[in-house]
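I have placed the structure first, in the form of structure tokens, so that the comments after it can refer back to it.
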Amino acid sequence: MGTRPLLNRRLHGLGTTIFAEMSALATATGSINLGQGFPDTDGPAEIAEAAVRAIRDGHGNQYPPGPGIPELRTAVAEHQQRFYGLGYDPDTEVLVTAGATEAIAAALLALLEPGDEVIALEPFYDSYAACIAMAGATRVPWTLRAPDFRPDLDRLRALITPRTRLLLLNTPHNPTGLVLTPAELAAVAELAVEHDLLVVTDEVYEHLVFATGHHPIAALPGMRERTVSISSAGKTFSFTGWKVGWVTATAPLVAAVRTAKQYLTYVSAGPFQYAVAEALRLPDEYFAGFRAELLRKRDLLSTGLRAAGFQVFDPEGTYFITTDITPLGEKDGLEFCRALPERCGVVAIPNVVFYDDAEAGRSLVRFTFCKRDEILAEAVARLGRL
Ligand SMILES: Cc1ncc(COP(=O)(O)O)c(C=O)c1O
């Protein structure tokens with residue numbers, strides 16, 4: 001094979017995702033996995049039943065339409081109207097994808113040229129760096145810093161150059177739990193309009209905002225025409241394995257993203273699309289109940305982590321808690337997480353893997369709380385022995 005590396009140089013350094021490494025470690029050591037963000041109980045039984053029914057009734061067993069089935073596109077448009085007062089045409093302004101992950105990939109591959117700069121909130125969800133790299137663009141980190149992780153808007157202004165093409169937002173933000181405030185979003189929007197930037201916003205945790213409510217940037221003046229909003233069913237309905245996501249944007253933006261998407265998966269998850277269309281129409285009580293349940297779990301885990309000696313940064317949204325291990329006499333989150341399964345049978349994720357600026361994330365460690373109460377209680381008991 002000669003000496004040329006097999007892996008495309010754009011992907012150098014991306015390696016195996018930390019989630020694969022840590023989940024394998026959890027299995028090998030029989031540890032409680034508070035690393036990867038997936039719930040250990042499935043979503044609503046009637047939605048699972050809707051998927052089974054779709055398969056039995058022959059709905060979606062063959063290639064569904066490229067943009068997604070009309071029932072789901074209509075349900076997504078209704079959801080945007082119901083929760084945010086945003087109007088989208090289900091035929092031209094909604095695109096169904098294989099999870100938010102494909103939506104992010106398709107959006108970045110469609111909208112970026114080599115040499116473009118993308119400003120993204122750092123720490124980044126790991127697929128952002130990979131997709132920006134695959135598009136041949138350059139990521140420019142806009143770093144969130146402990147203890148409050150509030151974005152520095154002057155810093156954002158300073159990061160914008162003539163090569164900046166796109167702002168990549170994530171609110172609620174994984175892993176910090178930051179939720180951008182209406183004032184912060186307005187300031188970001190103003191800069192996007194002033195510099196004529198596109199905005200891609202990953203809002204997969206939109207229904208996990210504990211106190212303040214979720215505010216889509218697409219609703220702000222001048223933003224509808226430049227914003228690609230992304231979400232998915234995995235987190236909101238606790239079916240992360242179904243991989244049903246969607247994009248809402250203007251028709252020209254959706255057409256661009258669809259062009260890339262059609263050569264990634266073309267289509268996916270036919271029967272699940274029918275089930276997710278039903279899920280999006282669940283009554284308000286479902287969404288409120290889900291949020292209240294996760295808030296209770298957040299408090300259960302954060303109380304336990306504090307008692308175990310971690311510095312805890314209470315998240316405003318998502319189902320993750322970022323902690324600092326310095327009070328435990330530890331400095332290096334990666335070493336700490338690699339040793340934690342042997343030390344006490346718990347798996348967590350070192351936040352440093354989400355940073356270019358390793359110093360900013362060195363001592364931070366993320367735990368998820370989307371697990372059954374007895375699992376969280378056991379994890380807390382084990383961590384208490386540290
Ligand atoms: C911020 C963020 N975006 C996207 C995803 C992936 O979403 P999906 O499973 O719908 O592809 C995740 C999953 O952890 C996430 O945390």
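The values are calculated or read from the model by the stated rules, or taken from the named source; none is laboratory data. Being a predicted model, the structure only gives us computed values, none of them experimental. Backbone-built Cβ (ideal geometry, glycine too); neighbour counts: all protein chains shown. Only protein heavy atoms, including side chains, enter the accessible area calculation; ligands, DNA and RNA are left aside. Shrake-Rupley method; radii C 1.70, N 1.55, O 1.52, S 1.80 Å.
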Taking max minus min of the Cα coordinates of the stretch 38-89 on each principal axis, largest first, gives extents in Å of 34, 30, 18
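Pop out the carbon and sulfur fraction of the accessible area of the chain as a percent, whole number, probe 1.4 Å.
53 percent
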Given 244-252, 75-83, 42-50, the highest-first ranking by average Cβ count within 10 Å works out to 244-252, 75-83, 42-50
Relative contact order as a percentage, the chain, C-alpha pairs under 8 Å and 6+ apart, gives 24 percent
Regression test value, accessible area per residue of the stretch 179-288, probe 1.4 Å, units Å², expected 35 Å²
Along the stretch 234-243, Karplus-curve 3J(HN,Hα) (6.51, -1.76, 1.60; θ = phi - 60°) to the nearest Hz, with x for Gly and Pro, reads x, 6, 5, 10, 6, 10, 5, x, 6, 6
Across the alpha-carbon set of the stretch 100-151, Rg over Rh with Rh taken as the Kirkwood radius works out to 1.03
Here the alpha-carbon Rg of the stretch 36-140 over 2.2 N^0.38 Å rounds to 1.34
note: the stretch 234-386, Cα-Cα separations exceeding 20 Å make up a percent value of 61 percent
Relative contact order in percent for the stretch 64-135 (Cα pairs under 8 Å, 6+ apart) equals 27 percent
Rounded to whole Å², per residue accessible area for the stretch 12-81 with a 1.4 Å probe reads 51 Å²
Of the convex hull drawn through the C-alpha atoms of the stretch 299-378, the volume per residue in Å³ is 91 Å³
Mean-square fluctuation maximum in Gaussian network of the chain, Cα pairs under 10 Å, restricted to 159, 376, 144, hits 159
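Under the definition of Cα pairs under 8 Å and six or more residues apart, what whole-number percent is the relative contact order of the stretch 158-266?
This gives 22 percent for the stretch 158-266.
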To the nearest 20 debye, the chain has a Cα-centred charge dipole, built from +1 on Lys and Arg Cβ and -1 on Asp and Glu Cβ, of 740 debye
To the nearest Å², the heavy-atom accessible area per residue of the stretch 336-386 with 1.4 Å probe amounts to 37 Å²
Diffing the stretch 140-149: the Karplus 3J(HN,Hα) column from phi (6.51, -1.76, 1.60, θ = phi - 60°), in whole Hz with x for Gly and Pro, holds 10, x, 10, 7, 9, 10, 4, x, 9, 6
Log10 I(q)/I(0) at q = 0.07, 0.13 Å⁻¹ for the chain, from Debye over equal alpha-carbon scatterers, is -0.31, -1.11
Semi-axes of the stretch 232-310 from the Cα gyration tensor (sqrt of 5 times each eigenvalue, largest first, whole Å) come to 34, 17, 13
The chain, Gaussian network, Cα under 10 Å: of 168, 334, 14, the residue fluctuating most is 14
Once both label points are put 7 Å beyond Cα along the C-beta direction, the residue 281-residue 255 separation in nm becomes 3.0 nm
